[in-house]
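The values are calculated or read from the model by the stated rules, or taken from the named source; none is laboratory data. Keep in mind that this is a model prediction, so the values were computed, not measured. Using ideal geometry, Cβ is built from the backbone for each residue, glycine included, and neighbour counts are taken over all protein chains shown.
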Amino acid sequence: MKTGIILTAPDLTSMVATAKRAESAGLDSVWTIEFFNANGLVRLAAVAMATERIQLGTAIAYAFMRTPMLAASAAMDIDELSGGRMILGLGSGTERMNKDWYSMPWDPAPAPKMKDAIGLVRAAFAAQKGGGLRYQGTHFQVNIPAYNRPNAARDTIPICLAGVNKGMISASAAVADGLICHPVFSRTYLAETVMPRLVGSACKPYPYIITSIANSRAEARDEARRQIAFYYTTRLYHSILDVHGWRSIGETIASAFRRGDWKSMYAAVPDEMVDAIAIAGTPDEAREQLKQWAPFSDHVILYSPSIGMNPARLQENMNAIIDTFRK
């Protein structure tokens, strides 16, 4: 199984150092994230310049907070810088992210717009050798007669789409090379909801697994538990819980969050949920737990929790992930 790691180091220097450590350890990929104070594509360019072999991905870059043309040109730049190692992962973000963080309009049914955005990115890559770029989609239209891209590393790159609910998962199957799974996907949700919608497509899932490794099993599980609770404060993700009959747990978490009752919020996550969603334990336990994800993909992305963790422990955990899964 191929293994990747999300680069959530507390500062940019540490992020690049972590990527280099992952490459030296034989991991297969490193991935940047994006937030209101972090540009995932800029960060990935820095990693591209500091590494030689490892695959580079965004998990994810926001699709609607920038135009598809800007996403395409950034991906072309990183692919050229890295000698053809780029994987472009795009996601819609939530309504709050679009409107409150970036002052962008929100489409309550974003899947058609996302499919159109990926169509434009693919068209831009296909036009790199010249002849102009003309794209007429429902949401995006481009006309650049002089378009070309000298020194392109590749004619195309893998494009992944992040999805949680059925509409975006189906959109991923229709137009993407991969589905970036959400960190709170359980294996049951993958088996019963995700995988059936990818059947017959070229789209493969990239499980995005909350991973905490420590000599203390209890410490590792508590770190994973806090991260799971944090995500389930957002009701958009509660549909994942339905396959387990856990919708009431999500409501308990969301209610505790609204009250500011962090202790109750974390305590609401049962051990069964940690087992279903995360890798958490000692290094030996983590290696055994990873095997449970093998039926779903040949390439997983490991993600350190951050909720309630100080920067030193966050970096320690990323180092532990790399060392545990080195090849």
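A few notes on this one:
- Filtered residue count, the stretch 84-104, keeping only those that are at pLDDT 95 or above and surrounded by fewer than 19 Cβ atoms within 10 Å (Cβ to Cβ): 7
- Taking each residue of the stretch 247-270 that is more than 19 Å from Glu223 (Cβ to Cβ) and without any contact (Cβ under 8 Å) to a residue 24 or more places away in the chain and looking for partners that are hydroxyl-bearing (Ser, Thr, Tyr) and buried (at least 17 other Cβ atoms within 10 Å of the Cβ) with beta-carbon atoms closer than 8 Å, six or more apart or interchain, yields Gly250/Tyr232; Gly250/Tyr237; Ala254/Tyr232.
- Meets criteria (assigned to a helix (DSSP H, G or I), surrounded by 19 or more Cβ atoms within 10 Å (Cβ to Cβ), in contact with a helix residue (DSSP H, G or I) (Cβ under 8 Å, 6 or more places away or on another chain) and at pLDDT 95 or above) for Ala224: yes
- Residues in the stretch 309-327 that are over 20 Å from the mean Cα position of the chain (by Cα) and not hydrophobic (A, V, I, L, M, F, W, C) were compared, and the one that is surrounded by the fewest Cβ atoms within 10 Å (Cβ to Cβ) is Lys327.
- Looking across the stretch 294-308, just one residue is among the hydrophobic types (A, V, I, L, M, F, W, C), crowded, with 18+ Cβ neighbours inside 10 Å and either in a helix (DSSP H, G or I) or out of contact with any helix residue (DSSP H, G or I) (no Cβ under 6 Å at 6 or more places or on another chain) (or both), and that is Ile301.
- Enumeration of residues in the stretch 120-141 that are of a type in the set (Val, Ile, Thr) and either farther than 15 Å from Ala71 by Cα or at pLDDT below 95 (or both): Thr138
- The residue that is surrounded by the most Cβ atoms within 10 Å (Cβ to Cβ), counting only those in the stretch 266-293 that are part of a helix (DSSP H, G or I) and of a type in the set (Val, Ile, Thr), is Ile277.
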